[in-house]
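Everything below concerns the one structure shown next.
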Amino acid sequence: MPQATISEPASPIRPSLLRRIVTHWVVRLLLTAGAFIFLILLLGLPAFSLPVAADPLLLQEIIGTMSAFGAISLVTRLAERRSMAEIGMGLRELPGRWLRGFAVGAGFMMACAVILALLGGYRVTAVSLALGPLLYGLLLHMAVGLFEEGLFRGILFRLLEEGLGSWAALTITAAIFGAAHLMNPQATLWGAAAIAIEAGVLLGAAYMLTRSLWFVAGLHAAWNFTQGPVLGFNISGSGMTTESLLVPAIQGPDLLTGGVFGIEASLIAVLLGLALGVWFAVRAARGGQTVRALLWRGGVARVGKPPSTEQSA
């Protein structure tokens, strides 16, 4: 009788050298940054040269949003060969996740104002029902939230997390996020540090837990919209003098009120934001939502798993 043959298991197909280079996290970070700069120039130069009456700040945020998400989409689809839904940016999830994040951001900022009011530092003197400024503020801060979260969490945090791990990425991006606010006209060193501690940690940790850019974009939008157009605080030392729903009288030491920078520089916001950020981070760690560092290796890291064997070097 003829002997039965045992078939050898097929050896995994080793990706080409070019593919291994392209999928390395450092290369993907550089490709995404390059695509972002290219799209900013491609969209921005014609837009700002048109003789059309448009709000320059809103236009800037919209162009930034389109450029950030365009760059992420190009590299995710072409280099990583993944869908946007796999990295928490699927359009079907946008409304629900964004609204949940918005509720968290609004609740956080309202809690800061209530605590400040109980301590005698915030008092409502009038209510302004001007619908126009409120709608403009909402639209502007929706765009700000999408742009900044696309840039800081969608590009920087996500790719640094693959290379260096979740905790290093959280620390680095929180510091960069805080430092970026030093460019605001009424910025202070303490204000920038406060932003890093409360918002940088909170937004990064919220992304770690939810793995949804829409959630953190909604949180960010509500954070700014509630403190500025609703509660009447200065936003991150920006000096924006927009009309607010509540017209407040703010008094007390800067450590309590945040001073000229706004309530984000108050000890209230720092402690409350840090506590919420730590809660998100602990839940992410316990739920296996952290990423193992690739370090020098190539490939695409997965949440709680080693890098994809299909693409790792």
Dipole of the chain, positive end: most advanced residue of W223, L99, L160 [Cβ charges, Cα centre]: L160
Normalised contact order of the range 91-286, rounded percent, pairs of Cα under 8 Å and 6 or more residues apart: 34 percent
Selection from G232, V300, L140, by position along the positive dipole direction of the chain (Cβ): V300
At least 30 Å along the helix axis (C-alpha) and Kyte average at least 0.0, DSSP helices within the chain: 25-49, 94-118
Euclidean distance between Cα centres, the range 51-125 to the range 215-267, Å: 17 Å
Exposure proxy ranking, count of Cβ atoms within 10 Å, fewest first, for D55, D254: D55, D254
Listed residues S266, S166, S238, most fluctuating in the chain (Gaussian network, C-alpha, under 10 Å): S238
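Report, in debye and to the nearest 20, how large the dipole of the chain comes out about its Cα centre when Lys and Arg carry +1 and Asp and Glu carry -1 on their Cβ. Before the final figure, lay out each step's value.
Details: 20 positive and 15 negative charges, 225 e Å.
In debye, rounded to 20, the chain gives about 1080.
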When the range 91-286 is reduced to its Cα atoms, the Kirkwood hydrodynamic radius in Å: 16.6 Å
Mean Cβ count within 10 Å, highest first, over the residues of peptides 116-126, 193-203: 193-203, 116-126
For the range 27-117, the spread of Cα positions along each principal axis, largest first, Å: 47, 40, 24
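Given Cβ point charges of +1 (Lys, Arg) and -1 (Asp, Glu) and nothing else, what value in debye, to the nearest 20, does the dipole of the range 194-313 about its Cα centre take? Don't skip to the answer; put the middle values down first.
On the way: 7 positive and 5 negative charges, 163 e Å.
I would put it at about 780 debye.
Coordinate-derived values only; no laboratory data. Note that the structure is a prediction, hence the values are computed from the model and not measured. Reconstructed Cβ throughout: ideal geometry from the backbone, glycine too, with neighbour counts over all protein chains shown.
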